[in-house]
Structure formats: C-alpha cells, structure tokens
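Asker: Below you'll find the structure I mean.
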Amino acid sequence: MPLTERHVAPSILSADFADLAAKVREVMDAGARVIHCDVMDGHFVPPITFGPMVVAALRESLPDEAYLDVHLMIERPERHVAEFAKAGADGITIHAEATPNIAFTLSAIREAGCKAGLVVSPGTPPDHFGENEIDLALIMTVNPGWGGQPFLRNQLHKIRRVRAMLGDAMPIEVDGGVNPRTAAECAQAGATWFVAGSAIFGSADPAAAFREIAAAAGC
Ligand code: DX5
Ligand code: ZN
C-alpha cells in the first residue's frame, strides 16, 4: 500500500476488545485500510493496553489489505520491534522521547520489513523528523495515553512546520482528538493520515463516522 495516499486510521483503543475483529471489519467494510494499534506499557504512559499477541491475532483474523499501523507508546522500543514485526505489523512508529537510540531503532524496524515511523508528543520539538530516516511522521495532537481527549489546537502550527520541513511526499499522521472538524483543520495544515478512536468506535454508527471523517479530511 502506498503510504502517500490519504487515510483515516481507526484506532482500536476505543473499540470493544471482546469483539475486536468484528469491529475492525465493520470499518474496513466502510473503506478503512489503515488500522491503528496503540501499544502502552504502563511506563512510557500510565495505561497498559496489549502487546504482540493481540497484534498477531488481529493480523490472522483480518483481510490481507488491512495495514496494521502499530503505535508503540513504550520505553526502549528497540527491545520489542522484532516481536511486533513478527506479529504482522506493517508499520511501527516509535516515540522520540522513549529511547536514546532513535536511528538504531528505526533501522531495526526497516530491517524487520516494516515501515518506520517516528512520533513526537505535543511538548517535543519536531526537529527529530529532519534528523532521521523515516517513512512516516506522526504528530500527537493530544498527550499520549488515553483516547477521548480534546484536540490540542496549538499542534496545528507544528503540522504546518513539519509539512514545510519534510516536503510533499512524506506521510504526516495526526493522532488524538480527531473528528470531522479537527480532521479538516489538520488536512489544511498538511496532514495526510488521520487517526480517530473515540470519534469512530465511540459512535453509534462507526461506519458512518469513518466516512464522515474521511470526507472532511479529503480522503
Ligand atoms: C492516544 C492514542 C490514540 C487514541 C486516540 O495516546 O495514541 O491513538 O486512540 O483516541 P481519540 O481519537 O479518542 O483521541
Ligand atoms: Zn495512537
């Protein structure tokens, strides 16, 4: 799948974990291709979510065209990227704040056959993107750790700055507080991938919510 296409990526964090595959299939039927998986370790962020076993189970139960976009909110991700690649991740994104070995970890992701993403939290300057070999830049538009937080408008400036810094071809993903209104603002600022959790899986009609965000984002 070319990363240069625009995508809304439903985040499974807000889905029913007891019925995960069915919930994901529902949004895939509505056109979703990128499925965002939030891995949290209880250290980098307070909550604990899931690890490679759940990613592998999802991979097994989803059609091949699902692109598993694995967002690692974990300390020292270099210790775990091989496991997530083996579990079937298509892309793995690591936090610049989570390791002193950013370049090493990004190349380990590529060597494992995955696309390498780098993410910065709202308080982190975006210079890391220009200093590393990346396939995708993720800009957090909430502080990482929880779904359902309000969109941080002060990150719009960062999106514009990163688009100018990285040029037109680089996929820029935004994550946190994305709904039809904020997706349109992020798209205008230069984002091309839009993660949405509660706005999709918290809705009574996730397929309709997906389509509404996709339309607003110009997908
Ligand atoms: C938060 C996660 C997000 C989360 C977004 O740390 O990285 O992917 O699921 O949730 P919403 O869309 O509800 O803000
Ligand atoms: Zn995420």
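The values are calculated or read from the model by the stated rules, or taken from the named source; none is laboratory data. Here the structure is a predicted model, which is why all the values come from computation and not from measurement. FYI the Cβ positions are ideal-geometry reconstructions off the backbone, even for glycines, and counts take in every protein chain you see. Please note that ligands, DNA and RNA were not included when accessible areas were found on the heavy atoms of the full protein model with its side chains. Shrake-Rupley method; radii C 1.70, N 1.55, O 1.52, S 1.80 Å.
Asker: Quick check on the range 1-136: of the DSSP beta bridges with both residues there, what percent are antiparallel, nearest 5%? Don't skip to the end; give the middle numbers.
Answerer: On the way: 1 of 19 bridges.
If I count the DSSP bridges inside the range 1-136, around 5 percent turn out antiparallel.
Asker: Counting only protein heavy atoms and a 1.4 Å probe, tell me what percentage of the range 7-217's accessible area is made up of carbon and sulfur. Walk me through the intermediate numbers first.
Answerer: Details: 4390 of 8560 Å².
Accessible surface attributable to carbon and sulfur in the range 7-217 totals 51 percent.
Asker: Over what distance in Å are the Cα centres of the range 1-73 and the range 202-219 separated?
Answerer: 16
Asker: Right, next: Between the alpha-carbon centers of the range 134-175 and the range 80-108, tell me the distance in whole angstrom.
Answerer: Between the Cα centre of the range 134-175 and that of the range 80-108, the gap is 18 Å.
Asker: Then there's this: Residue-wise, which Karplus ³J(HN,Hα) couplings in Hz belong to the range 197-208, taking 6.51 cos²θ - 1.76 cosθ + 1.60, θ = phi - 60°, and x for glycine or proline?
Answerer: Karplus values, whole Hz, x for Gly and Pro: x, 5, 5, 9, 7, x, 8, 5, 10, x, 5, 5.
Asker: Rounded to two decimals, what is the ratio between the C-alpha radius of gyration of the chain and 2.2 N^0.38 Å?
Answerer: On the way: Rg = 15.5 Å, N = 219, 2.2 N^0.38 = 17.1 Å.
Against the empirical 2.2 N^0.38 Å value, I get 0.91 for the chain.
Asker: Please give the peptides 50-58, 34-42 ranked by average Cβ packing (other Cβ atoms within 10 Å per residue), highest first, as a rough proxy for protection. Present the calculation step by step, with values, prior to reporting the outcome.
Answerer: Working: 50-58: 17.3, 34-42: 22.0.
Most protected by this proxy first, the peptides run 34-42, 50-58.
Asker: Can you tell me the accessible area per residue over the chain, all protein chains present, probe 1.4 angstrom, in square angstrom? Please report the intermediate quantities before stating the final value.
Answerer: Details: 9130 Å² over 219 residues.
For the chain, the per-residue accessible area is 42 Å².
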